[in-house]
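In what follows, a structure is listed as structure tokens, so that the remarks can point back to it.
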Amino acid sequence: MSATYVIGVDFGTDSVRSVLVSTETGEELATSVFDYPRWKAGLYCDTASNQFRQHPLDYIEGLEYTVRACVDEAGPAIAPKVIGLSVDTTGSTPVAVDAGGMPLSLLPEFSENPNAMFVLWKDHTSVNEAAEINAHAKLFETDYLQYVGGIYSSEWFWAKLLHVFREDGQVRAATHSWVEHCDWVPFLLCGGQHVSDIKRGVCSAGHKSLWAEAFGGFPPNDFFASLDPLLDGFTAKLPNRTFTADQAAGTLSTEWAERLGLHTGVVVGIGAFDCHMGAVGGQIEPYYLSKIIGTSTCDILVAPQHEMEGKWVAGICGQVNGSVIPGMVGLEAGQSAFGDAYAWFKNLVAWPLKVMVADGIVDPAAVQAIEDGLLAELGRQASLLQPMESHELAIDWLNGRRTPDANPLLKGAFTGITLASDAPRLFRALVEATAFGAKKIIDRFINQGIPVKGLIALGGIPRKSPFVMQVMADVIGMPINVHRSAQTCAIGAAMFAATVAGRFKRVEDAMQQMGQGFDREYHPNPSLAALYAKRYAQYTRVGSFIENHITNESP
């Protein structure tokens, strides 16, 4: 068999990255990253109100730049041998589109309207709408939330749609459909002309949109119409058929083949969320929890379908047949803030320096150098501290809680602070808190009859911060294997591209052939087990206090 190549594209929160990969060895021949310029400038976002929107031009420009850069870097001999391309994106990150499938913000009249842009996963402007959906679902005999853990989140599809429709009548009137980012990009690449051409992935539909095989698709129209008349009939505007990521969305259009330096024979796969394809790129196995750790975390576990019959895990982000690996149930959980929590602390510590730069007191280059090394130094200093039961304790809900039991209203906290508390001690407390949050997810799986045989860590933090990973291993009490690839989400997309293009019959075969394996392992320190059991109990008590307080104070 002649050598063939595939491209995986990973749309993250801050940037898009593409990899061009050999289907024979998994070798990365080229990699390119593009930072979203509008997002980087802070446009269309309002942190105070939890509004985070992204303009489709950031995605389009990044897609063209990174894929073209990979093709150019690999050389003219490789481009004709590229057989497939697949994409993953953050999610739920939906957008309003017109009848042609075009995001409304690409139209002149909506070009600067945040409600016409992609509503990023971390946007929490629809907290009230999510609460209404949760209350409304209790009125029905059928539990339409059972496949999404029993709690609908403000980070998800329907809550965001309802919020935008209530807030913006002009966008509502122009909206023909509401489409996830991971479903829209393949449609774009294949030259789709009408919204009916969009193929919806089971990953996005099942985990965020209440689509389920058991319901024959979406809940009935009455469920949505009685929630709010604005949603009456809207499911008829959505494709009810779904596809797994090992199926094709089509082939590259002539326009996009030219823009990317490829050919029209390139098969484009059905899209999926980054954490789902990342789990595949990280060579997930049944009952091994794959933790994609970045700004937030997404935890993925797969189990054979026949072993999951009659089992529902409460308080997670869904369990969907075929959402990760066809033939298996994909279960998703995660934390709303992980790397974001560390970035918040870094910005807090560095705030005086930034003010002095703005005032012209200090050199910007010197301050940037300090900022670049700040987290590493905080980790180094924190690692020198001997953990004690009486040390400062943090709660990691700085962006609410995703799982277990989604609640975006919850807040982070520090307790036990004294005049002896310094930056390394507080940073250590924050790292421990994110580890405690990770343990809560594992405990939920185990307590509800889903074994967790091991942990796989993926993403930038597992490769950059030994301190964070060691604390996590100590807190959880299980070894953690770190995957060798720094681009597991894009590699997972490449594995699906190879499968979609016919190089492999199953994505498991692509994982076996193209997987890069693991290059480090963190083992828990047995001497810290008793201490962290006590600290974990403290975390649970303080968290319960905060949750009860916020719940009782909420209007």
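Every number here is computed from the coordinates shown, using simple stated rules; none is lab data. Quick caveat, the model's predicted, so the values are computed rather than measured. Here Cβ is always computed from backbone atoms with ideal geometry, including for glycine, and neighbour counts include all displayed protein chains.
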Discussion item. Along the Cα→Cβ direction, 7 angstrom out, place labels at Leu57 and Ala135. What is the inter-label distance in nm?
Written reply: 4.1
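How long are the semi-axes of the equivalent ellipsoid of segment 216-301, defined as square roots of 5 times the Cα gyration tensor eigenvalues? Whole Å, largest first. Could you put the intermediate results ahead of the total?
On the way: eigenvalues 183, 127, 32 Å².
Rounded to whole Å, the semi-axes are 30, 25, 13.
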Response to the item:
Classified through the alpha carbon gyration tensor (a ≥ b ≥ c as square roots of its eigenvalues; rounded if a/c is under 1.5, else prolate when a/b is larger than b/c, else oblate), segment 85-136 comes out oblate
Practice prompt. List, in order, the whole-Hz ³J(HN,Hα) value for each residue of segment 19-36 obtained from phi through the Karplus relation with A = 6.51, B = -1.76, C = 1.60 and θ = phi - 60°; use x for Gly and Pro.
Written response: 10, 10, 10, 6, 6, 7, 10, x, 5, 8, 7, 7, 9, 9, 10, 10, 7, 5
Practice prompt. List the residues of segment 128-162 whose backbone N lies under 17 Å from a point placed 7 Å from the Cα of Asp232 along the Cα-to-Cβ direction.
Written response: 162
Fill in: Residue order, fewest to most beta carbons within 10 Å, for Glu432, Glu377
Glu377, Glu432
Worksheet, complete the sentence: Checking every Cys Cβ in the chain against the others at 4.7 Å leaves as unpaired Cys45, Cys70, Cys182, Cys190, Cys203, Cys317, Cys489
Response to the item:
Expected vector for segment 124-130, Karplus 3J(HN,Hα) from phi with 6.51, -1.76, 1.60 and θ = phi - 60°, integer Hz, x for Gly and Pro, equals 10, 6, 9, 4, 5, 5, 4
Item to complete: Above 14 angstrom, tally the Cα pairs of segment 490-555 and express them as a % of all pairs, no decimals.
Response: 74
Worksheet entry | Positive dipole terminus of the chain, leading residue within Pro387, Leu231, Phe52 (C-beta point charges) | Pro387
Practice prompt. Only Cα pairs under 8 Å and at least 6 apart count here; give the relative contact order of segment 109-197 as a rounded whole percent.
Written response: 29
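Given Cα pairs under 8 Å that are at least 6 residues apart, what percent is the relative contact order of the chain? All intermediate terms of the calculation are to be shown ahead of the outcome.
Values: 1228 pairs, mean separation 90.8, N = 555.
Relative contact order for the chain comes out at 16 percent.
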Worksheet item: Among [x] 33.5, 110; [y] 23.9, 80; [z] 22.8, 68, which one is Rg and Dmax of the Cα atoms in Å computed from these coordinates?
Response: [z]
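Within 15 Å, Cβ to Cβ, of His207, how many net charges do the neighbouring residues add up to if Lys/Arg are +1 and Asp/Glu are -1?
Details: positive: Lys160, Arg200, Lys208, Arg402; negative: Asp88, Glu155, Glu180, Asp183, Glu213, Asp274, Asp299, Glu332.
Charge balance in the 15 Å sphere: -4.
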Worksheet item: Using the count of nearby Cβ atoms within 10 Å as a rough guide to exposure, how do Leu430, Leu106 rank from fewest to most?
Response: Leu106, Leu430
Worksheet, complete the sentence: With label points set 7 Å from each Cα along the Cα-to-Cβ direction at Phe518 and Tyr65, the distance between them in nm comes to 3.6
Worksheet, complete the sentence: Calculated from DSSP helices alone, with each H run of at least 4 adding -39500 (n - 2.57) and the total divided by the residues of the chain, [θ]222 nm to the nearest 500 comes to -12000 deg cm²/dmol
